[in-house]
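Here the structure is laid out as structure tokens; the discussion comes afterwards.
The values are calculated or read from the model by the stated rules, or taken from the named source; none is laboratory data. Remember, it's a predicted structure, so these values are computed and weren't measured experimentally. Cβ atoms come from the backbone with ideal geometry, glycine included; neighbour counts cover every protein chain shown. For the accessible areas, the whole protein counts, side chains as well, though only heavy atoms, and no ligand, DNA or RNA atoms are used. Shrake-Rupley method; radii C 1.70, N 1.55, O 1.52, S 1.80 Å.
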Amino acid sequence: MALSLLVLQLADSAFPTGGFAHSGGLEAAAQLGEIHGPSSLERFLLHNLEQAGAGVLPIVTAAHATPERLSDLDRRHDAFLTNHVANRASRAQGRAWLAAAAHSFGNTSLRELRARAREDESFCGHFAPVFGAISARLGLERGEAQRLFLFLHLRGLVSSAVRLSLVGPLEAQALQHRLAGSVLTVLSRHEKRGEDDLTTTAPLVDLFQGHQDRLYSRLFSS
């Protein structure tokens, strides 16, 4: 029961991780004309979710299995994220997640982890390895951590769509509910993959996100 409540707290939008500052390339895609209705929005979310499963979740899984390898996995993910906008966003989210978890849960290992991260100048603090390592240290099972990660990814995209006025709040909730099955489908394809299996499945999503800094006006950081 305690772990179930912990998952609910981590999934709560009030948990201060900084994730709502990022749109995952959705803002740039909308401004460049890729999003022009509900069907194109849903297609973008599906491609983005699949990309998260193939190019991010394997690092989450590896860090959950071996949290002591956090620094090594952090460097590996940094090398994989060649898109400067995605790389920057991942660092910001990871450091925010680590700070929030260390402060919120009174866990000695998390406080020590944050202290070591501050001392290590080469530590980037990418979100995926930080999320996996923290999930393991909080006692979440692998499958639960993986589902939570993909849920947060989808929720962040749907929230971005609302704030960009691409969809209304009630329609957004219906859309997220409708895509819940896709979260499980993506998980089933990528749940056993490790850091050697990182791949990009949606290069257009990567290009849209990389264009974020070129937008004349923008609401999100990425």
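Evaluation of G139 against the conditions (1) modelled with pLDDT under 95; (2) open to solvent by 30 Å² or more (accessible area, probe 1.4 Å); (3) part of a helix (DSSP H, G or I) shows that the sole unmet condition is (3). Within segment 1-45, the only residue that satisfies the criterion of being closer than 22 Å to R147 by Cβ, of a type in the set (D, E, K, R) and assigned to a helix (DSSP H, G or I) is E42. Selection over segment 1-46 of residues that are open to solvent by 70 Å² or more (accessible area, probe 1.4 Å) and either within 18 Å of the chain's Cα centre (by Cα) or touching a residue at least 24 places away in the same chain (Cβ under 8 Å) (or both) gives a count of 10. Of all residue pairs spaced 6 or more apart or on separate chains, those with beta-carbon atoms under 7 Å, a first member in segment 110-129 that is within 26 Å of G55 (Cβ to Cβ) and a second member that is assigned to a loop (DSSP other than H, G, I, E, B) and open to solvent by less than 40 Å² (accessible area, probe 1.4 Å) are A117/F123; A117/G125; A128/V56.
Can you tell me how many residues within segment 47-79 are under 30 Å from G168 (Cα atoms) and either of a type in the set (G, A, S) or open to solvent by less than 60 Å² (accessible area, probe 1.4 Å) (or both)? Steps first, please.
Taking segment 47-79 and keeping what is under 30 Å from G168 (Cα atoms), we get 47-57.
Still in the running and either of a type in the set (G, A, S) or open to solvent by less than 60 Å² (accessible area, probe 1.4 Å) (or both): 48-57.
Selection size over segment 47-79: 10.
Name the pairs whose Cβ atoms lie under 6 Å apart, with the first residue in segment 78-90 and over 13 Å from G125 (Cα atoms), the second open to solvent by less than 60 Å² (accessible area, probe 1.4 Å) and among the basic types (K, R), and 6 or more positions between them or separate chains? Short answer, once both residue conditions are applied: none. There is at least one residue in segment 126-133 that is of a type in the set (F, W, Y), open to solvent by less than 10 Å² (accessible area, probe 1.4 Å), part of a helix (DSSP H, G or I) and within 22 Å of R88 (Cβ to Cβ).
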